[in-house]
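A single structure is presented below for examination.
The values are calculated or read from the model by the stated rules, or taken from the named source; none is laboratory data. Given the structure is predicted, the values throughout are model-derived calculations rather than measurements. As a convention, Cβ positions derive from the backbone with ideal geometry for all residues, glycine included, and neighbour counts pool all protein chains shown.
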Amino acid sequence: MSEMLQEKKKERCERIPDAEAMRRVREHNDTIAAKTGTRPGAFVLTFGCQQNEADSEHIAGMCREMGYTVVSSPEAASLIMVNTCAIREHAEKKALSIVGQYKHLKAKNPSLIVGVCGCMVAQEHRREELKHSYPYVDLVFGTTVLHEFPTLLLEKMTAGRRRFCADVADHVVPEDMPVIRESSYRAWVSIMYGCNNFCSYCIVPYVRGRERSRRREEIVAEVKELIAQGYRDITLLGQNVNSYAKGSGWGYDFADLLAELDAIEGDYTLHFMTSHPKDASSKLIDVMACGKHIAHHFHLPMQSGSDAILKKMNRHYDRERYLSIVRELREKIPDITLTSDIIVGFPGESEEDFEATLDMLSTVRFDMLYSFIYSARKGTPAAEMEQVPPKVQGERFDRLLALEHQIASENNANMVGKTVRVLCDGVSKNDESTLSGRTDGNKLVFFHGEAQTLTGHFVQVKIERAEPFGLYGEIDN
Ligand code: SAM
Ligand code: SF4
C-alpha cells in the first residue's frame, strides 16, 4: 500500500461497538433480572446540540443492547450517563452541578455506575476536575470514542476501577450503532463528524476532532430504512454539512448526497444543519430549489455583521458574501425560511461592530435567531483576546433580542391568512386543549385536532393569528 493510501486509511476508519463487550454486560444484567424480576435501569441525560441528542440516542441504544431498561429518572437507574456540552461555560457549569447531585444517589446505592461523556470531558482540565473532585464518577469518555462505551463499561464492571478515557479518536467513523430514537417520526442522521474550521471562539474542533464523513451508501441505507419505518422528518447532521466528503476523493459532495436522498420515494421532509457560509454553494441551492422533499429552510449562522469581527472570528466570509448567499436563496427559493446564529460581545466588539450586526438583522430579516453571549473557551484563540465587559455584553444582547422580537413579530404577522404544512407533535406542552407542530421552516404552530390521529402526520393549517414566537390557526384540509 502506498504511503498516501496508508495515511488516508489512518485518517478515517469505521468502528462498531464491541459485540462481545455488549454480550458480557447483557449477561450480567440478565442474571440480575432473573434474580430480582426487574431489569437494571439506565438513565441518559443530554446537554447541548442536536449532535449530542443524536449521540445520546446511540448511548440509549447500546444500553438496551446491554440488557438495561432505559428509564426516565436517575433514582430508578443502576447506570447514569450524562452527555455533556462544552460550547459555553454555562453548559459546563450546569452539567457539573447535576453530576454533583448524583453523589447522594451513589451514597444510597454504592453499586450505581455514574458516567460522564460528551464534549466537556474531551477537555483534559475537566477530566482532571472529575477525577479529583467527583470521586463517585466511574466512567469518563469523549465524543470521538462513543463506540468504546460498552468496552469501558465492562472494564469498570469487571475490574472495578474507574475508567477515564483520554483518547481523541478523531479518525473514527462509528457505524452500526444501536439506537433508541426519541421520536417515532422525527429522526437525526449524522452524515459527518468533527470540524476543521477552527473559528477562533469555538471549542468544537478540539473536542470533536477533525472532519470525517460517513459513506454515502451507509447514509442512504439509513434514510431509506427510516422512511420505510414511517419517519416523516429527517435531519442530516454535521458541524458543517457543506464540506461533507471534502478531500475524500469519493467524487461526490453534499449537494449530490442531498439529491440522492431526495429521490427516495415517500412522504417525508429532509432538513440539514449546519451550513457554513464560506462553503454554501450554488449547486446546493439549486438542488434545494428543485427538490421534492427538501425543506425550504436554510440555517446559515452569521455570527456577526461586522467584517472586522468576522475576520477575528476566522470565519472566511464577509457581509457582502453572506448577503449574496441570502439573495441567491431568496431568488431561487422565494418561500425560504432563514435562520441564523449570532454571537454578541465577541472580544474587541465595538459599538460600531455591534450596530453592523443589528443592521444585518434589519437587512436580512431572519425568521428566527439563536443568539448567544460570547463565552471564553479555554484553549481557543479568542479566549486570549481583550474581552468585552459582561455588562456591555448583556446590554447588547438585550438590544439584539428586542430587534429580533420585532422582526419575528412582523415576519409572523405576514403569515396570517396563509396555509402552511405542519408536522403535528401532539398536545401542546403549554396548553392541553391545543395541538402543536412545526412548519418546514421550524416555526411553531398551534391548532385544534385529535392528538391520537394527527401526531406524527402532516396537516395543512390556515394561520389566523400570529405571536412573535408562534402561529395560531385551524386545520384546512
Ligand atoms: N458548526 C456550526 C456553525 O459553524 O455554524 C455551529 C456549531 S455550534 C455547536 C452552535 C453555535 O454556538 C455557533 O454557531 C455559535 O453561534 C455558538 N457558539 C460557539 N462557540 C461559542 C462561544 N464560545 N460563545 C458563545 N457562543 C458560541
Ligand atoms: Fe465551531 Fe466554527 Fe466548526 Fe461551527 S464551523 S463547529 S462554529 S469551529
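Among the candidates A451, A408, single out the residue that is touching a residue at least 12 places away in the same chain (Cβ under 8 Å) and surrounded by 19 or more Cβ atoms within 10 Å (Cβ to Cβ). Please lay out each step first, then the result.
Working: A451 fails: surrounded by 19 or more Cβ atoms within 10 Å (Cβ to Cβ).
That would be A408, the only listed residue that is touching a residue at least 12 places away in the same chain (Cβ under 8 Å) and surrounded by 19 or more Cβ atoms within 10 Å (Cβ to Cβ).
Name the residue, out of H125, H104, H147, that is free of Cβ contacts under 8 Å to residues at least 24 places away in the same chain and either more than 22 Å from C195 (Cβ to Cβ) or not in a strand (DSSP E or B) (or both). If you could, list the steps in order and put the result at the bottom.
Numbers: H125 fails: free of Cβ contacts under 8 Å to residues at least 24 places away in the same chain; H147 fails: free of Cβ contacts under 8 Å to residues at least 24 places away in the same chain.
The conditions single out H104.
Additional query: Among (1) aliphatic (A, V, I, L, M); (2) outside any loop (DSSP other than H, G, I, E, B); (3) touching a helix residue (DSSP H, G or I) at 6+ places or on another chain (Cβ under 9 Å); (4) more than 16 Å from ligand 2 (Cβ to nearest atom), where does V179 come up short?
Unmet condition: (2).
Here is a yes/no grid of residues against (1) within 13 Å of ligand 1 (Cβ to nearest atom); (2) without any contact (Cβ under 8 Å) to a residue 24 or more places away in the chain; (3) over 19 Å from H276 (Cα atoms); (4) out of contact with any Asp or Glu (no Cβ under 6 Å at 6 or more places or on another chain):
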| position | (1), (2), (3), (4) |
| --- | --- |
| R330 | no, yes, no, yes |
| I342 | yes, no, no, yes |
| E351 | no, yes, yes, yes |
| M368 | no, no, no, yes |
| S371 | yes, no, no, yes |
| R377 | yes, no, yes, yes |
| P381 | yes, no, yes, yes |
| E386 | no, no, yes, yes |
| D398 | no, yes, yes, yes |
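Any idea which residue in the range 199-237 is surrounded by the fewest Cβ atoms within 10 Å (Cβ to Cβ), counting only those that are among the acidic types (D, E) and away from ligand 2 (no atom under 16 Å from the Cβ)? If you could, list the steps in order and put the result at the bottom.
We begin by selecting, within the range 199-237, every residue among the acidic types (D, E); these are 211, 217-218, 222, 225, 233.
Imposing the further condition that a residue be away from ligand 2 (no atom under 16 Å from the Cβ) reduces the set to 217-218, 222, 225, 233.
Details: E217: 8, E218: 16, E222: 19, E225: 11, D233: 20.
Filtering first and then ranking leaves E217.
Go through I285, I309 for me and flag whichever is within 16 Å of ligand 1 (Cβ to nearest atom) and not acidic (D, E).
Working: I285 fails: within 16 Å of ligand 1 (Cβ to nearest atom).
Result: I309 is the single residue among I285, I309 that is within 16 Å of ligand 1 (Cβ to nearest atom) and not acidic (D, E).
Can I ask one more? So, of the residues in the range 203-221 that are closer than 20 Å to N242 by Cβ and among the acidic types (D, E), which turns out to be farthest from the chain's Cα centre (by Cα)? It would help to see each step written out before you state the result.
Taking the range 203-221 first, the residues closer than 20 Å to N242 by Cβ are 204-205, 208-216, 218-220.
Going one step further and asking which of them are among the acidic types (D, E), we end up with 211, 218.
Working: E211: 16, E218: 20 Å.
Residue satisfying both the conditions and the ranking: E218.
Would you check if G230 is within 30 Å of T380 (Cβ to Cβ) and either modelled with pLDDT of 95 or more or assigned to a helix (DSSP H, G or I) (or both)?
In short, no.
Checking I87 against (1) in a helix (DSSP H, G or I); (2) in contact (Cβ under 8 Å) with a residue 60 or more places away in the chain, which single condition isn't satisfied?
With (1) in a helix (DSSP H, G or I); (2) in contact (Cβ under 8 Å) with a residue 60 or more places away in the chain applied to I87, the lone miss is (1).
Please count how many residues of the range 335-355 are over 17 Å from G394 (Cα atoms) and aliphatic (A, V, I, L, M).
2
Still on this model: Can you pull out every residue in the range 364-404 that is among the small types (G, A, S) and either away from ligand 2 (no atom under 16 Å from the Cβ) or outside any loop (DSSP other than H, G, I, E, B) (or both)? Reasoning before the result, please.
Applying the first criterion (among the small types (G, A, S)) to the range 364-404 yields 371, 375-376, 379, 382-383, 394, 402.
Of everything in the range 364-404, those that are among the small types (G, A, S) and either away from ligand 2 (no atom under 16 Å from the Cβ) or outside any loop (DSSP other than H, G, I, E, B) (or both) turn out to be S371, A382, A383, G394, A402.
Go through the range 291-314 and report how many residues are part of a loop (DSSP other than H, G, I, E, B) and within 19 Å of F272 (Cβ to Cβ). Even if it seems obvious, please write down each step before you answer.
Step one: list which residues in the range 291-314 are part of a loop (DSSP other than H, G, I, E, B), which gives 291-293, 295-296, 300-302, 304-306, 313-314.
When the remaining residues are screened for being within 19 Å of F272 (Cβ to Cβ), the result is 291-293, 295-296, 300-302.
Adding up the residues that qualify gives 8.
While we're here: Looking only at the range 315-346, which residues are outside any helix (DSSP H, G or I), more than 25 Å from the chain's Cα centre (by Cα) and under 12 Å from S304 (Cα atoms)?
D318 - this is the single residue of the range 315-346 that is outside any helix (DSSP H, G or I), more than 25 Å from the chain's Cα centre (by Cα) and under 12 Å from S304 (Cα atoms).
Right, something else. Filter the range 182-198 down to residues that are of a type in the set (S, T, N, Q) and within 16 Å of ligand 1 (Cβ to nearest atom) and give me whichever is surrounded by the most Cβ atoms within 10 Å (Cβ to Cβ). Give the derivation first.
We begin by selecting, within the range 182-198, every residue of a type in the set (S, T, N, Q); these are 183-184, 190, 196-197.
With the extra rule that they be within 16 Å of ligand 1 (Cβ to nearest atom), the set shrinks to 190, 196-197.
Working: S190: 21, N196: 14, N197: 18.
Of everything passing the filter in the range 182-198, S190 is surrounded by the most Cβ atoms within 10 Å (Cβ to Cβ).
Just give me the residues in the range 336-351 being under 30 Å from I294 (Cα atoms) and of a type outside the set (A, V, I, L, M), in sequence order. So that I can check it myself, show each step before the final result.
So in the range 336-351, the residues under 30 Å from I294 (Cα atoms) come out as 336-343.
Hits for the range 336-351 are T337, T339, S340, D341.
Restricting the search to the range 358-370, which residues are crowded, with 17+ Cβ neighbours inside 10 Å and either out of contact with any Leu (no Cβ under 7 Å at 6 or more places or on another chain) or among the small types (G, A, S) (or both)?
Passing the criteria: M360, M368, L369.
Out of everything in the range 259-282 that is hydroxyl-bearing (S, T, Y) and surrounded by 18 or more Cβ atoms within 10 Å (Cβ to Cβ), what residue ends up being nearest to ligand 1 (Cβ to nearest atom)? Steps first, please.
Initial filter on the range 259-282 (hydroxyl-bearing (S, T, Y)): 268-269, 274-275, 281-282.
The next check asks that each one be surrounded by 18 or more Cβ atoms within 10 Å (Cβ to Cβ); those that pass are 268-269, 274-275.
Values: Y268: 24, T269: 21, T274: 4, S275: 7 Å.
Among them, the one singled out is T274.
What residue, of F272, F254, is of a type in the set (A, V, I, L, M, F, W, C), farther than 19 Å from R438 by Cα and within 21 Å of the chain's Cα centre (by Cα)? Break it down into steps so the answer makes sense when it comes.
On the way: F272 fails: farther than 19 Å from R438 by Cα.
Only one candidate passes the filter, namely F254.
Next question, about the same structure. Do you know which of the residues in the range 238-258 that are outside any helix (DSSP H, G or I) and more than 16 Å from ligand 2 (Cβ to nearest atom) is surrounded by the most Cβ atoms within 10 Å (Cβ to Cβ)? It would help to see each step written out before you state the result.
Restricting attention to the range 238-258, the residues satisfying the condition of being outside any helix (DSSP H, G or I) are 238-240, 244-253.
Now narrow it down to the ones that are more than 16 Å from ligand 2 (Cβ to nearest atom): 245, 248-253.
On the way: A245: 21, S248: 18, G249: 6, W250: 13, G251: 8, Y252: 13, D253: 19.
Result: A245.
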